[in-house]
Amino acid sequence: PIMRAHAAALCCGAPSLSGSDVLNIGFGMGLFDEAAQALGPRSHTIVEAHPDVWANMHARGWASRPRCALVFGRWQKALPRLGLYDAIFYDTFGEGVAEFDAFCAVLPALLRPGGRFSFFNGFCAHSARLHTSFAMRTSACLGVLGLRCRFQLVPCEPPGEEGWRGVSGRYWTFDSYMLPVATLDEP
């Protein structure tokens, strides 16, 4: 549900992503991308660096989807091949705050005016106080770059003990999620 909510939030109130160029940094399980595809973007570019995830994407037919472009490698090296986008989602497993900040710094060069940005807001997911502090810090940093950031509170139910069986790290434990949407100011 959270990834569907991210895709819907990037529509900015419109019923679809029709006519939008979408960029996703980090395919993971493909939940965001499935949701974004269902909303009918004009183009959908996915940057993925992990070889196993890349192989899974191909096995699931993502390379043959219409209006979908796949770019293998880290986003830092893919930047010269990327264009301008109306909606960008960022969810990279294994990168930290420094990489996230570096990506945010290039957002104004990747987003069209009025373009929207969101990310999986899983930083500091072990402490509600630190999680909220990180969200406010991110909002301020994006503001300096010309992006207005707001957070939508999305109710969610973390899995019970059975749902975490076999998972090495519990990545979400709160009963609500602060879904970020940042919009690049018009010139």
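The values are calculated or read from the model by the stated rules, or taken from the named source; none is laboratory data. All figures in this text were calculated on a predicted structure; none of them were measured in a lab. With ideal geometry, Cβ positions are generated from the backbone for all residues, glycine too; neighbour counts draw on all protein chains shown. Calculation scope for accessible area: heavy atoms of the full protein, side chains included, ligands and nucleic acids excluded. Shrake-Rupley method; radii C 1.70, N 1.55, O 1.52, S 1.80 Å.
Points worth noting:
- Within the stretch 112-145, tally of residues that are more than 19 Å from Leu179 (Cα to Cα) and either modelled with pLDDT under 90 or out of contact with any helix residue (DSSP H, G or I) (no Cβ under 6 Å at 6 or more places or on another chain) (or both): 3
- Within the stretch 110-120, tally of residues that are surrounded by 16 or more Cβ atoms within 10 Å (Cβ to Cβ) and of a type in the set (D, E, K, R): 1
- Any hit, the stretch 172-179, residues being at pLDDT 80 or above, open to solvent by 60 Å² or more (accessible area, probe 1.4 Å) and either within 18 Å of the chain's Cα centre (by Cα) or hydrophobic (A, V, I, L, M, F, W, C) (or both): no
- Residues of the stretch 146-168 that turn out to be touching a strand residue (DSSP E or B) at 6+ places or on another chain (Cβ under 9 Å), part of a loop (DSSP other than H, G, I, E, B) and either β-branched (Val, Ile, Thr) or within 11 Å of Ala182 (Cα to Cα) (or both), as a count: 1
- Selection status of Phe123, among the aromatic types (Phe, Trp, Tyr), surrounded by 14 or more Cβ atoms within 10 Å (Cβ to Cβ), under 23 Å from Ala69 (Cα atoms) and in contact (Cβ under 8 Å) with a residue 12 or more places away in the chain: no
- Residue within the stretch 127-148 that is on the phi > 0 side of the Ramachandran plot, free of Cβ contacts under 8 Å to residues at least 60 places away in the same chain and open to solvent by 40 Å² or more (accessible area, probe 1.4 Å) present: no
- Within the stretch 149-167, residues that are exposed (fewer than 10 other Cβ atoms within 10 Å of the Cβ) have Cβ atoms under 7 Å from residues that are of a type in the set (Gly, Ala, Ser) in these pairs: Leu153/Ser176; Pro155/Ser176, counting only partners at least 6 apart in sequence or on another chain.
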